[in-house]
1. Give the residues of the range 413-427 that are touching a strand residue (DSSP E or B) at 6+ places or on another chain (Cβ under 6 Å), of a type in the set (A, V, I, L, M, F, W, C) and either surrounded by fewer than 23 Cβ atoms within 10 Å (Cβ to Cβ) or closer than 27 Å to ALA397 by Cα (or both), sorted by residue number.
2. Filter the range 346-364 for residues that are open to solvent by 40 Å² or more (accessible area, probe 1.4 Å) and outside any strand (DSSP E or B) and give the result.
3. Could you count how many residues in the range 428-440 are open to solvent by 70 Å² or more (accessible area, probe 1.4 Å) and among the hydrophobic types (A, V, I, L, M, F, W, C)?
4. Starting from residues that are part of a loop (DSSP other than H, G, I, E, B) and surrounded by fewer than 22 Cβ atoms within 10 Å (Cβ to Cβ), keep the ones in the range 264-280 and report whichever is modelled with the lowest pLDDT.
5. Between LEU228, LEU198, which is aliphatic (A, V, I, L, M) and touching a Leu at 6+ places or on another chain (Cβ under 7 Å)?
6. Select from the range 107-149 the residues that are among the β-branched types (Val, Ile, Thr) and touching a strand residue (DSSP E or B) at 6+ places or on another chain (Cβ under 7 Å) and write down the one among them that is least open to solvent (accessible area, probe 1.4 Å).
7. For the range 441-466, give me each residue that is open to solvent by less than 20 Å² (accessible area, probe 1.4 Å), touching a Lys or Arg at 6+ places or on another chain (Cβ under 7 Å) and under 16 Å from ILE381 (Cα atoms).
8. Read through the list (1) crowded, with 23+ Cβ neighbours inside 10 Å; (2) under 26 Å from ASP364 (Cβ atoms); (3) more than 25 Å from the chain's Cα centre (by Cα), then give the number of the only condition that ILE302 fails.
Amino acid sequence: MRKAFWLAAFLSLGSCDALWGSYDTGNERNCTKNLSLCGAGYLCDGIGDMATKVCVKECTSYADCPAGSNDICHNGLCLGCGALSPADVPKECSQRSIVGQNPLKACFQNTCVQCADFTQCGDDSACIDHACVDSCTKHEDCQSKVCDVYQTNSKGGLGKCLSTKAVIYVDNKNGACTKMDAGSGIMGDPYCDITYALAHLKGNTAVRVMPSTKNYGSLSIMSSTLSLYGGFGSGQDSSLGGDSGTLGVNIGGRANATLDGFVVDGSAGVSCNMATMALRRTRVQGSAGVGVALNNCTGAKIDRVLVTKGLHVAAIGISGDSTSYNMTNSFITNNTTIGSPLVSIAGNNSGKFQYNTVAGNNSDNVIFDCGGVIRNIEDSIITGNQFAGMSQFFSAACVLKNTVIGSKDLAKGGLSLDPSFVSPGAPMFDYHLMDDATSAACCIDKGTVNSDIKTDYDGTSRPQGAGYDIGAHELPRMN
């Protein structure tokens, strides 16, 4: 009798799903007559001839989601990452990561990406276009706040983030930090004083000197191999030097030092004596001695440097038989020398002076004195200067190759043409090329190809047109 009762009850309900379905909403429960039987993470979907519907999970991995979508599989449902809570994004986006590439752990416009900012990348990486890469164009790109635009990155281009672990940090906090031994040198607790930092490198070879309204003072580097990075590109300077006549930056004692992105202000300038130096993206201004002095300085590389506003013994002074140098993409403008050449090269040394602009200077001597050894001056602009005599160049040792010297100078081998500049003379002293017929006739696309020179003073890639532009400035063109 009891068996007959339960059988009749079962048949009257149609199935056991109708009897128990409100309690069990799991996979493959029959939901044909009641779509609400399926709980979170399940869909009521057809099987076979579609007449019968059961509760099924939409997905078990993102591969089950619609082809071509950026959905991930979350709790059995295909969803865009924008529907997830921030806490769920890293875990769920990681399922779409590709082996051998950086994991996906952020969400951008409903799509899983590697990063939203550099904090989601390695400490030697930048977040560019939502991908973790070691390439960079400015310090702010990198978690370490150090982008070396001269290093080759993994993509084969220039610009590489340094690891935070390789960097010592210095910040005088606009002069508010005055205690020499303050700080521990890490990003969150920087040293206040550069000299103190150099004495406590702890094996590090890079020093990041943060931008400041307060000058960091004179600097002497001896017997170390290191790179110092200033505030270039940050909108604020990292200044070295001091009052006129004091030591600016002195590199000696067999040191091998790189200075990148500084202002050396109101001092004796930058000196390399019996050492090795790279001076990059730096402005040397107001010097009362020699702006940049090389004396038995081997392998000196001067690139993207501005020497300006100095009352000099010389703006550039090169001496010593063992000196070797390469000066490129630099401006020497708005300087005055009394009783000496603006650029003086002496000694039996070797070097290259290529793609520079020397303009708007005043000397009661000559602009270039090349001494008694042949010096090639190539693909440069040397014009608009006031000088004594008939020519800017002293001695036949100055060999001009594809160099514009202005219509008033008839030096042998020079191009007696006059370029037009953006704003020559006071108050701007801007000697970038104008985009006009005058500059086109003398300078634009007229340079000699040099694969070692990849950018101009501003960091614009060379060439922009059919050829390199003569001088320190490559005129940007629309592609």
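The values are calculated or read from the model by the stated rules, or taken from the named source; none is laboratory data. Because the structure is predicted, anything quoted here is derived from the model rather than measured. No Cβ is skipped: glycine too gets one built from the backbone with ideal geometry, and neighbour counts run over all protein chains shown. Please note that ligands, DNA and RNA were not included when accessible areas were found on the heavy atoms of the full protein model with its side chains. Shrake-Rupley method; radii C 1.70, N 1.55, O 1.52, S 1.80 Å.
1. Of everything in the range 413-427, those that are touching a strand residue (DSSP E or B) at 6+ places or on another chain (Cβ under 6 Å), of a type in the set (A, V, I, L, M, F, W, C) and either surrounded by fewer than 23 Cβ atoms within 10 Å (Cβ to Cβ) or closer than 27 Å to ALA397 by Cα (or both) turn out to be LEU415, LEU417, VAL422.
2. Passing the criteria: ALA346, ASN348, ASP364.
3. First pass over the range 428-440, keeping only residues open to solvent by 70 Å² or more (accessible area, probe 1.4 Å): 428, 434-435, 437.
Then drop every residue that is not among the hydrophobic types (A, V, I, L, M, F, W, C), which leaves 428, 434, 437.
The qualifying residues number 3.
4. GLY266
5. Only one candidate qualifies: LEU228.
6. Per the stated criteria, the residue is VAL146.
7. Result: ASP456, single match.
8. Single failed check for ILE302: (3).
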